[in-house]
1. Output the residues belonging to segment 185-198 that are closer than 15 Å to Gly117 by Cβ and either touching a helix residue (DSSP H, G or I) at 6+ places or on another chain (Cβ under 6 Å) or open to solvent by less than 50 Å² (accessible area, probe 1.4 Å) (or both).
2. Among the listed residues Ala212, Ala206, which satisfies the condition of being in contact (Cβ under 8 Å) with a residue 24 or more places away in the chain and open to solvent by less than 30 Å² (accessible area, probe 1.4 Å)?
3. Can you tell which of Asn171, Asn182 is surrounded by fewer than 16 Cβ atoms within 10 Å (Cβ to Cβ) and either part of a helix (DSSP H, G or I) or not hydrophobic (A, V, I, L, M, F, W, C) (or both)?
4. If we keep just the residues of segment 215-237 that are open to solvent by less than 20 Å² (accessible area, probe 1.4 Å), in contact with a Lys or Arg (Cβ under 8 Å, 6 or more places away or on another chain) and in a helix (DSSP H, G or I), which is farthest from Ile151 (Cα to Cα)?
5. Filter segment 138-149 down to residues that are open to solvent by less than 40 Å² (accessible area, probe 1.4 Å) and in contact (Cβ under 8 Å) with a residue 60 or more places away in the chain and give me whichever is farthest from Gly238 (Cα to Cα).
6. Where the second residue is β-branched (Val, Ile, Thr) and the first is surrounded by 13 or more Cβ atoms within 10 Å (Cβ to Cβ) and lies in segment 51-75, which pairs have Cβ atoms under 7 Å and are six or more apart or on separate chains?
7. Does Trp36 fit the bill of being under 30 Å from Trp209 (Cα atoms) and of a type in the set (Phe, Trp, Tyr)?
8. Only one of Leu126, Leu158 is within 20 Å of Ala206 (Cβ to Cβ), assigned to a helix (DSSP H, G or I) and at pLDDT below 95. Can you tell me which?
Amino acid sequence: MSTTSTVSTAPVKGDSPISAAAAARSAVRRRTALVWAGRIGLAAFVLGGWQAFTAWGIVDKFFFGQPSGIAQRLVDLFRHGTEFGSFYANIWTTIQEALAGFALGAVTGVVFGVALGQSRFLADVLGPYIKMVNAIPRIVLGSIFIVAFGIGVLPKILLAAVLVFFIVFFNAFQGVREVDRNILANTKVLGASQLQIIRHVTVPSALTWIIASLHSAFGFAIVGALVGEVLGAQSGLGLVIKTAQNNFDPNGVFATMLVISVIVLGAEWLIGKLEHRLLSWRPPAPSEAANTI
């Protein structure tokens with residue numbers, strides 16, 4: 001008498017690649033949901049506590065405002081505008097100044113960073129002067145620009161560009177210095193010209209450093225535009241904040257700050273998309289592979 005046992009060779013569904021991919025997507029969705037729940041919960045906690053403390057008189061809303069008052073003030077600003085024109089026009093003025101300063105500062109920062117990073121002679125000659133200018137308080141530069149160019153748009157653009165320039169410059173400079181010297185030597189042996197080396201080796205290698213600087217650079221461009229508007233302007237969100245401050249209107253100050261925060265977050269999102277597009281050739285970092293939001 002013989003006993004024959006049959007072992008099934010069918011693949012186990014739970015161990016299939018499709019099942020593993022589905023489990024990974026599910027884990028990412030769960031993590032995303034938890035992150036957003038944490039974000040919303042933290043905002044609700046802070047705003048709810050702020051509203052409660054001002055309503056109970058623990059915090060004086062005359063000095064610190066109140067979330068409900070900020071929301072009402074924001075609605076009034078969008079509906080009725082300001083004494084300097086519509087609120088939309090003031091927002092657009094600040095965005096224009098910040099964008100122009102951001103572009104000017106980023107381009108000049110990359111050019112000077114790449115040039116000085118490649119030439120030790122230029123770095124030694126210009127380095128002390130760049131550090132001297134970087135040490136000058138920005139508000140002093142803003143005052144100089146307004147005295148020289150008036151209260152128009154140009155001083156705000158220049159101040160925003162100066163703030164952006166140094167952030168991008170130092171990152172681009174360091175990124176160029178970190179390029180693999182073996183790769184540079186190999187490209188020279190293969191007969192690449194200096195321009196080809198810059199285009200195909202130096203700039204792509206430093207691009208990670210440059211893009212990283214842009215994330216914080218736009219915030220500084222907004223700061224430069226706002227500081228210039230506070231010092232002297234005919235329109236802009238900085239002027240709206242200054243007027244609200246002079247009128248003891250904390251709700252107006254916080255309402256305008258909320259709009260500025262939304263603008264910066266939108267710009268950060270766009271820069272993140274640009275980063276993914278420009279650096280699509282780069283293998284994802286461990287943090288990027290594990291933390292996809």
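The values are calculated or read from the model by the stated rules, or taken from the named source; none is laboratory data. It should be emphasised that the depicted structure is a prediction, and the values quoted were computed from it without experimental measurement. No Cβ is skipped: glycine too gets one built from the backbone with ideal geometry, and neighbour counts run over all protein chains shown. SASA here: full protein model, heavy atoms, side chains in, ligands and nucleic acids out. Shrake-Rupley method; radii C 1.70, N 1.55, O 1.52, S 1.80 Å.
1. So the first thing to find is which residues in segment 185-198 are closer than 15 Å to Gly117 by Cβ, and the list is 194, 197-198.
The answer is Ile197, Ile198.
2. Exactly one residue qualifies, and that residue is Ala206.
3. Values: Asn171 fails: surrounded by fewer than 16 Cβ atoms within 10 Å (Cβ to Cβ).
Result: Asn182 is the single residue among Asn171, Asn182 that is surrounded by fewer than 16 Cβ atoms within 10 Å (Cβ to Cβ) and either part of a helix (DSSP H, G or I) or not hydrophobic (A, V, I, L, M, F, W, C) (or both).
4. Restricting to residues being open to solvent by less than 20 Å² (accessible area, probe 1.4 Å), in contact with a Lys or Arg (Cβ under 8 Å, 6 or more places away or on another chain) and in a helix (DSSP H, G or I), the top hit is Gly224.
5. Start the filter on segment 138-149 by keeping residues that are open to solvent by less than 40 Å² (accessible area, probe 1.4 Å), which leaves 141-142, 145-146.
Remaining after also requiring in contact (Cβ under 8 Å) with a residue 60 or more places away in the chain: 142, 145-146.
Details: Gly142: 13, Phe145: 16, Ile146: 15 Å.
Residue satisfying both the conditions and the ranking: Phe145.
6. Here the result reads Phe53/Val59; Lys61/Thr54; Phe64/Thr54; Gln66/Thr54, each pair linking segment 51-75 to a residue that is β-branched (Val, Ile, Thr).
7. Details: under 30 Å from Trp209 (Cα atoms): yes; of a type in the set (Phe, Trp, Tyr): yes.
The answer is yes for Trp36.
8. Numbers: Leu158 fails: within 20 Å of Ala206 (Cβ to Cβ).
Of the residues listed, the single one that is within 20 Å of Ala206 (Cβ to Cβ), assigned to a helix (DSSP H, G or I) and at pLDDT below 95 is Leu126.
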